[in-house]
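Asker: Shown below is the structure under consideration.
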Amino acid sequence: MRELLADETSRFPEDDARLLELRRQIGELEVSVGAVDKARATLTDLRDDLARLYGSDHGATVHVSELLASLSP
């Protein structure tokens with residue numbers, strides 16, 4: 001998935017909705033395979049970008065924030 005993200009990043013602007021969605025999917029996959037630290041980093045960066053682009057109350061930002069909260073020990 002990271003290779004796909006790198007390929008897509010070369011094709012689309014960094015803030016493209018397709019890339020943001022792909023990053024969310026990568027974070028969720030990382031969670032599902034138990035790579036919690038990687039998922040936390042992926043999702044934190046994504047949440048920050050979503051908040052910058054759409055605001056902290058946007059549905060996508062809220063969803064990623066909730067995913068992050070579920071990772072807290």
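Computed from the coordinates by the stated procedures, all read-outs in this text should not be read as laboratory data. These figures come from a predicted structure and were not determined experimentally. FYI the Cβ positions are ideal-geometry reconstructions off the backbone, even for glycines, and counts take in every protein chain you see.
Asker: Is it possible to state the helix-based mean residue ellipticity at 222 nm for the chain, with each DSSP H run of 4+ residues giving -39500 (n - 2.57), the sum divided by total residues, to the nearest 500 deg cm²/dmol? What is it?
Answerer: Estimated from H runs of four or more residues: -26000 deg cm²/dmol.
Asker: With labels modelled as points extended 7 Å from the Cα through the Cβ direction, what inter-label distance (nm, one decimal) is found for Val62 paired with Asp48?
Answerer: 2.4 nm
Asker: What distance in nm lies between label points placed 7 Å from Cα along the C-beta direction at Ser72 and Thr9?
Answerer: Distance between the two pseudo-spin positions: 2.9 nm.
Asker: What order, most packed first, do the peptides 60-69, 42-51, 27-36, 6-15 have when packing is the mean number of other Cβ atoms within 10 Å of each residue?
Answerer: My ranking of the peptides, most packed first, is 42-51, 60-69, 27-36, 6-15.
Asker: Run through every distinct alpha carbon pair of the chain and return the Kirkwood hydrodynamic radius in angstroms, one decimal place.
Answerer: For the chain, inverting the mean 1/r across all distinct Cα pairs yields 12.3 Å.
Asker: Find the Cα radius of gyration of segment 33-73, compare it with 2.2 N^0.38 Å by division, and give the number to two decimals.
Answerer: 1.12
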